[in-house]
1. Return the total of residues in region 220-254 being touching a strand residue (DSSP E or B) at 6+ places or on another chain (Cβ under 7 Å) and surrounded by 14 or more Cβ atoms within 10 Å (Cβ to Cβ).
2. Can you give me the number of residues within region 237-250 that are within 28 Å of the chain's Cα centre (by Cα) and either assigned to a helix (DSSP H, G or I) or within 21 Å of residue 267 (Cβ to Cβ) (or both)?
3. Go over the candidates 38, 111, 62 one by one and state the one that is on the phi > 0 side of the Ramachandran plot, within 20 Å of the chain's Cα centre (by Cα) and at pLDDT 90 or above.
4. Please work out if residue 85 is surrounded by 14 or more Cβ atoms within 10 Å (Cβ to Cβ) and under 20 Å from the mean Cα position of the chain (by Cα).
5. Taking only region 184-203 into account, find how many residues are loosely packed, with under 13 Cβ neighbours inside 10 Å and either in a loop (DSSP other than H, G, I, E, B) or in contact (Cβ under 8 Å) with a residue 60 or more places away in the chain (or both).
6. Checking the conditions here, which among 120, 112 is assigned by TED's automatic domain parsing to the domain that holds residue 19 and touching a helix residue (DSSP H, G or I) at 6+ places or on another chain (Cβ under 6 Å)?
7. For region 125-160, how many residues meet the condition of being over 25 Å from residue 93 (Cα atoms) and exposed (fewer than 13 other Cβ atoms within 10 Å of the Cβ)?
8. May I ask you to list the residues in region 213-238 that are in contact with a helix residue (DSSP H, G or I) (Cβ under 8 Å, 6 or more places away or on another chain), touching a residue at least 12 places away in the same chain (Cβ under 8 Å) and within 24 Å of residue 20 (Cβ to Cβ)?
């Protein structure tokens, strides 16, 4: 369906050095302007963030320090970006929570301002989530083709979950999946509990709460706070009071059990 526009609409997306709006920077900006008559204009640019791009980010978007070392900084293209946007409304995917705030931050850092007093924002992800809710009722309808009339009654929800899993096995048998980080393609949905467990886990947690996870070397590392990414042993060895703080703080008992096992293993 052709968009009914009263003024241009700019779809845009950012690739960045991370997800912290206060400190991270843009490394790539792409804008697609759709004009009132349907004509399209595209502008995509690599940007030197002036800081190191973390390896984990480069592995996701494929942009490394060497790719942007000779590219302009955001302050050098800010006026060009503002001119391209003009008085257009803005649209993106998860843009209201991330892309718009970070773009505004970049403009402010170099003394520019993107005026929002009469500018409309469309977040396509929010439309998606509102129209296609990601809950058990929606999953039961999608995979099983039935309404979950007794939703939020424990037995009904339990049986519906069982039926959804069986339907997923039927629907995704031999379906290919590409890992966003590694690019590896596999067929992970198998009628095998171990395979399903591995695929449905967001991370390799050591504790159930996900405060401690395994890194690529199968070492327990912190997944939160100032020591995120550092091994538990390393932190406890050089900052033993951190263990005491965790034991007194409001962490789950199982998390405390896990860090105690690690600490006892060290000595």
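1. 8
2. Within region 237-250, residues that are within 28 Å of the chain's Cα centre (by Cα) and either assigned to a helix (DSSP H, G or I) or within 21 Å of residue 267 (Cβ to Cβ) (or both) number 1.
3. 62
4. For residue 85, the condition - surrounded by 14 or more Cβ atoms within 10 Å (Cβ to Cβ) and under 20 Å from the mean Cα position of the chain (by Cα) - is not met.
5. Looking only at that region, the number is 7.
6. 112
7. Selection size over region 125-160: 10.
8. Across region 213-238, the qualifying residues are 222, 227, 232, 235.
The values are calculated or read from the model by the stated rules, or taken from the named source; none is laboratory data. As the structure is a prediction and not an experimental result, all values here were calculated from the model. So basically every Cβ, Gly included, is an ideal-geometry build from the backbone, and we count neighbours across all protein chains shown.
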